[in-house]
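Chemist: Supplied in structure tokens, the structure appears directly below.
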Amino acid sequence: MMSRPRIRLEDSQDLLQHAGEEVGRRANKMWHGFTDWALQDNILEVAVGLIIAAAFTTVVTSFVSDILLPPLSLLPFINRNMDEKFAILRRGPGYNETDGIGYNTLQQAADDGAVVLAYGSFFNKIINFMGMGLALYVIANIYDTMSSESIIKTTVKCRYCRKRISSKAKRCINCTSWQDGREDTMD
């Protein structure tokens, strides 16, 4: 059985001081590493982009919900707001069969415990997504016309392996063939 080495009081104070200095060095190194990473240009650009995207999402959602969908609700085959369109999968105990409609609102059906398929809300989200994508594409096109750098990268199919590559590529990144046709002339 091995015995533990005994530590004298004078040695323990030196060990504690050394351990404290080591912890301080490691914490300082970690802090500097974090600040170097967090303050990089691309991290700050991503953070600003996310904040702008959140605000932009709110605007597009409001446009779709408040401006675009209400006129769609005036169509003859839609008798309520698009968000309120739903189908009843299982009736609740308070289902009203006398008026032929059952539930007037999605909230009324949910409060009664009915199982509903809220397809109007789903369509609203699809229209929001398409509106967001279209708006971002328009902004990217405007940026492309005003800037020398292009956000929208155009791609073409490699003439040999048929995978998508940049339209500016001289060689395919997948099969390494030349795109200018020089391999066709080699024997």
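The values are calculated or read from the model by the stated rules, or taken from the named source; none is laboratory data. Not measured: the values here are computed from a predicted model. Methodologically, a virtual Cβ is constructed for each residue, glycine included, from the backbone with ideal geometry; neighbour enumeration extends over all protein chains shown. For accessibility, only protein heavy atoms count, side chains too; no ligands or nucleic acids. Shrake-Rupley method; radii C 1.70, N 1.55, O 1.52, S 1.80 Å.
Chemist: Report yes if Val138 is within 30 Å of Asp83 (Cβ to Cβ) and loosely packed, with under 11 Cβ neighbours inside 10 Å, otherwise no.
Modeler: So Val138 fits the description; yes.
Residue-wise test of (1) farther than 30 Å from Gly133 by Cβ; (2) modelled with pLDDT of 85 or more.
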residue: Arg26; (1), (2): yes, yes
residue: Trp37; (1), (2): yes, no
residue: Leu69; (1), (2): no, no
residue: Leu74; (1), (2): no, no
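Chemist: Quick check, is Ser167 loosely packed, with under 11 Cβ neighbours inside 10 Å and of a type in the set (S, T, N, Q)?
Modeler: yes
Chemist: Additional query: Just to be sure I understand, how many residues within region 103-120 are out of contact with any strand residue (DSSP E or B) (no Cβ under 6 Å at 6 or more places or on another chain) and loosely packed, with under 14 Cβ neighbours inside 10 Å?
Modeler: The qualifying residues number 6.
Chemist: How about region 118-171: which of its residues are part of a helix (DSSP H, G or I) and of a type in the set (Val, Ile, Thr)?
Modeler: Ile126, Ile127, Val138, Ile139, Ile142, Thr145 - these are the residues of region 118-171 that are part of a helix (DSSP H, G or I) and of a type in the set (Val, Ile, Thr).
Chemist: Determine, yes or no, whether Ile139 is closer than 26 Å to Ile151 by Cα and in contact (Cβ under 8 Å) with a residue 24 or more places away in the chain.
Modeler: Considered against the rule, which asks whether it is closer than 26 Å to Ile151 by Cα and in contact (Cβ under 8 Å) with a residue 24 or more places away in the chain, Ile139 comes out as no.
Chemist: I would also like to ask the following. Residues being within 19 Å of the chain's Cα centre (by Cα) and closer than 27 Å to Gln179 by Cβ: count how many of those fall in region 113-163.
Modeler: Qualifying residue count for the region: 4.
Chemist: May I ask you to verify whether Leu15 is open to solvent by 60 Å² or more (accessible area, probe 1.4 Å), modelled with pLDDT under 85, in a helix (DSSP H, G or I) and closer than 22 Å to Ile127 by Cβ?
Modeler: In short, no.
Chemist: Please name all residue pairs, on different chains or six or more residues apart, with Cβ atoms under 6 Å, provided the first residue is in region 52-69 and is closer than 18 Å to Ile139 by Cβ and the second residue is surrounded by 11 or more Cβ atoms within 10 Å (Cβ to Cβ) and among the β-branched types (Val, Ile, Thr).
Modeler: The qualifying pairs are Val64/Ile127.
Chemist: Identify, from the list Ala47, Ala54, the residue that is within 23 Å of Met132 (Cα to Cα), at pLDDT 85 or above and either part of a helix (DSSP H, G or I) or among the acidic types (Asp, Glu) (or both).
Modeler: Answer to the check: Ala54.
Chemist: Related question: From Asn79, Asn42, which residue is open to solvent by 90 Å² or more (accessible area, probe 1.4 Å) and modelled with pLDDT under 80?
Modeler: Selected residue: Asn79, the only one of Asn79, Asn42 that is open to solvent by 90 Å² or more (accessible area, probe 1.4 Å) and modelled with pLDDT under 80.
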